[in-house]
Every structure is written in structure tokens, then in C-alpha cells.
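**Q** Below you'll find the structure I mean.
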Amino acid sequence: MADPRRKKPALQVIREGNPGKRPVPQSAAVPPSELTEPDWRETFRSVSDPKQESVNSRCRAVASREWRRVVPVLKLAVGLGEVDTTVLMDYCISAARIDQCERELSENGLLVRGERGWQKNGATTIAGQYRAQLARYVRELGLSPSARTAITVPEPDHDDSDVWD
């Protein structure tokens, strides 16, 4: 049986309560780490069709450009780390797909000729869905002025017992 006097880990204290009324950390600290840009060739694969390869090549370039634009800002502003790679990757993919949809709409128009006459280009629906997802990422990552006001950057803790310093 465990010794009840043993100090509980912070997450256990939060989950079970704090009868000793000891200070409980407000957030878990994430160790600093480098964000490594994903290999966009895995997401936007090379294909044999020249037109589709051109689209995928552009998506790789747009995603990479977006990654390189936002990661340095986010690292400084909110201290993002390797654990945030998936959210950032999805953000960049959404930006690349919106670019792809907008190019499709510019090339073929909002209305296309279908079996039943003129219909809305499917890229309008896809672009709308990606824009909704992108808006969620913008809020979550604090990339808009209103989202930045909601983010509170933690004060640096210069306690000698901090394992991350």
C-alpha cells in the first residue's frame, strides 16, 4: 500500500482534489523543443498525372511557406513545442487546400456545366469546409488579433528546482 504522506503528482492532485491545500500548478509545463517541418511529400504525394502533380507540387510549396511563416512567430509568442506539430501540420494543409480550391475556382468558375446543366463548382463547398477548419486552427493557435487577446503567456518561473531550465 502506498504511503499517504507521499507527495501526489500534480495531475493526480487536480483529479482527486487537494485536501492539504498545497499550491497546485495551473498548467502543465511542456519542455522546449524544436518544431521540425513535416515532409510535405508524404501528404501531397507525387503522382504520374502531370496536371495533378502540378497541383500537389503547389500544395507542398504553399504548406511549406505557411509553416515557415507561422512557426517562428508561434514559438516566440506562445512557446509551442514538438507536441503541437499535428495541429500546425493540419493548419498548413488547410491553407494549401484552400489555395488549391481558389485556383480551381479561378480556372473553371463558380458554376460548371454538369449532366443537368449549370451547377455550383464542388470546390466552393470544399473551400468553405477548409475555411471553417482553418478558422478553428487560427483561434486555437492565436493567429488572429482577437485570439491573441485571449492567450495569456505564462510568466517565466526561475525556480532552481525547475527541470526544464
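**Q** Relative contact order for region 32-149: what percent, with Cα pairs under 8 Å and sequence separation of 6 or more?
**A** That works out to 23 percent.
**Q** In the calculated pair distance distribution of region 32-149, what percentage of Cα-Cα distances lie above 23 Å?
**A** Of all Cα-Cα distances in region 32-149, 39 percent exceed 23 Å.
Rule-based calculations on the coordinates, nothing more; no lab input. What you see is a predicted model; the values in this text were computed from it and never measured.
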